[in-house]
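Notes follow the structure.
The values are calculated or read from the model by the stated rules, or taken from the named source; none is laboratory data. Every value quoted in this text rests on a predicted model; they were computed, and no experiment measured them. Here the Cβ positions follow ideal geometry from the backbone for every residue, glycine too, while neighbour counts run over all protein chains shown. We work out accessible area using only protein heavy atoms, side chains counted, and drop any ligands, DNA or RNA first. Shrake-Rupley method; radii C 1.70, N 1.55, O 1.52, S 1.80 Å.
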Amino acid sequence: IDQKDTKYDYTNVVMKYEGSKWVAYESDAENAAKTQLLWEGSEGNVIVTAATFPLPEASTSCSLNVQTDQSTAEAVKASDHLYYSSNAITPSENGTISIPLNHIMSKITVKLTLGTEYESSATNPIKSVTAFGASTGATYSPGAGTPWGAESNVSKISLFPSVEYNTADRTATYEAILVPQTIAENTFGIEIRIGEKTYEWTSAEAFTLTGGTNHT
């Protein structure tokens with residue numbers, strides 16, 4: 001929070017939702033002390049930057065990663081980094097502000113329809129769905145024209161079964177959070193494991209993952 005006054009400026013304050021309200025702490029350390037945030041006044045616009053990851057201080061960029069095992073809802077959430085910045089915030093009469101965080105990562109949703117040989121399957125026969133060919137990390141530069149810088153850490157990423165298996169239609173839906181990037185043709189794909197069989201789809205064209213976008 002930059003109010004252009006060192007007395008009322010705050011850097012990397014950690015906000016935790018406790019009970020029914022947000023509480024400010026000096027850091028994310030386990031024994032960190034609480035801190036009182038004060039407005040210099042109710043006039044003028046305040047610069048506010050917020051994120052679900054540590055904001056860079058000395059540099060203008062930071063390294064962000066997604067988890068390779070996103071087979072649970074918690075792992076998907078942990079990979080879903082959020083960011084917000086505005087130089088035009090004015091506190092309300094009761095001193096509160098609204099911070100509408102934006103999804104900066106990319107999401108893929110894979111919808112599968114199984115063949116008629118699975119008509120008798122009362123439960124989901126799919127053992128796993130995996131994405132391959134994508135980098136799991138990148139350098140993020142907030143506010144830059146090209147905010148993402150690729151890193152060469154390609155790894156398989158397990159997807160989460162986000163929609164319950166539909167027995168009648170034999171459909172299943174899986175999802176995962178990926179780093180925004182452009183992947184060369186014949187590189188990015190999806191692997192589906194059913195019983196002892198593995199099915200694979202690979203994009204014949206270059207595949208672009210865009211930040212804040214769900215690719216189905």
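Name the residues in the range 47-90 that are part of a loop (DSSP other than H, G, I, E, B), in contact with a Leu (Cβ under 8 Å, 6 or more places away or on another chain) and not polar (S, T, N, Q), would you?
Hits for the range 47-90 are F53, V66, H81.
Restricting the first residue to the range 1-14 and requiring it to be within 12 Å of A50 (Cα to Cα), which pairs with a second residue that is open to solvent by 100 Å² or more (accessible area, probe 1.4 Å) and not in a loop (DSSP other than H, G, I, E, B) meet a Cβ separation below 9 Å and a spacing of at least six or different chains?
That search, which allows pairs on different chains as well, returns D2/N87.
Go through the range 59-71 and report how many residues are under 20 Å from V110 (Cα atoms) and either open to solvent by 60 Å² or more (accessible area, probe 1.4 Å) or under 9 Å from the mean Cα position of the chain (by Cα) (or both).
Qualifying residue count, the range 59-71: 4.
Condition first: outside any strand (DSSP E or B) and in contact (Cβ under 8 Å) with a residue 24 or more places away in the chain. Now tell me which residues in the range 191-202 satisfy that.
Matches in the range 191-202: G195 only.
Confirm whether T113 is among the polar types (S, T, N, Q), open to solvent by 30 Å² or more (accessible area, probe 1.4 Å) and farther than 20 Å from N12 by Cα.
The answer is yes for T113.
For the range 24-46, indicate whether the set of residues that are touching a Leu at 6+ places or on another chain (Cβ under 6 Å) and at pLDDT 90 or above is non-empty.
yes
Of everything in the range 28-47, what is of a type in the set (A, V, I, L, M, F, W, C) and in contact (Cβ under 8 Å) with a residue 12 or more places away in the chain? Give them in sequence order.
Step one: filter the range 28-47 for residues of a type in the set (A, V, I, L, M, F, W, C), giving 29, 32-33, 37-39, 46-47.
The answer is A32, L37, L38, W39, V46, I47.
Filtering the range 99-136 down to residues that are assigned to a strand (DSSP E or B) and closer than 30 Å to A88 by Cα, which residue is farthest from the chain's Cα centre (by Cα)?
Start the filter on the range 99-136 by keeping residues that are assigned to a strand (DSSP E or B), which leaves 102-103, 106-113, 126-132, 135.
So of that shortlist, the ones also closer than 30 Å to A88 by Cα come out as 102-103, 106-107.
Working: N102: 9, H103: 6, S106: 7, K107: 8 Å.
Step by step, filter the range 99-136, then rank; the result is N102.
Filter the range 1-43 down to residues that are open to solvent by 100 Å² or more (accessible area, probe 1.4 Å) and acidic (D, E) and give me whichever is nearest to E93 (Cα to Cα).
E43
In contact (Cβ under 8 Å) with a residue 12 or more places away in the chain, over 30 Å from L37 (Cα atoms) and assigned to a loop (DSSP other than H, G, I, E, B), is that true of T139?
no
Give the residues of the range 15-36 that are under 20 Å from Y83 (Cα atoms) and part of a loop (DSSP other than H, G, I, E, B), sorted by residue number.
E26, S27, D28
Hey, can you tell me all the residues within the range 165-205 that are exposed (fewer than 15 other Cβ atoms within 10 Å of the Cβ) and within 22 Å of the chain's Cα centre (by Cα)?
T182 - this is the single residue of the range 165-205 that is exposed (fewer than 15 other Cβ atoms within 10 Å of the Cβ) and within 22 Å of the chain's Cα centre (by Cα).
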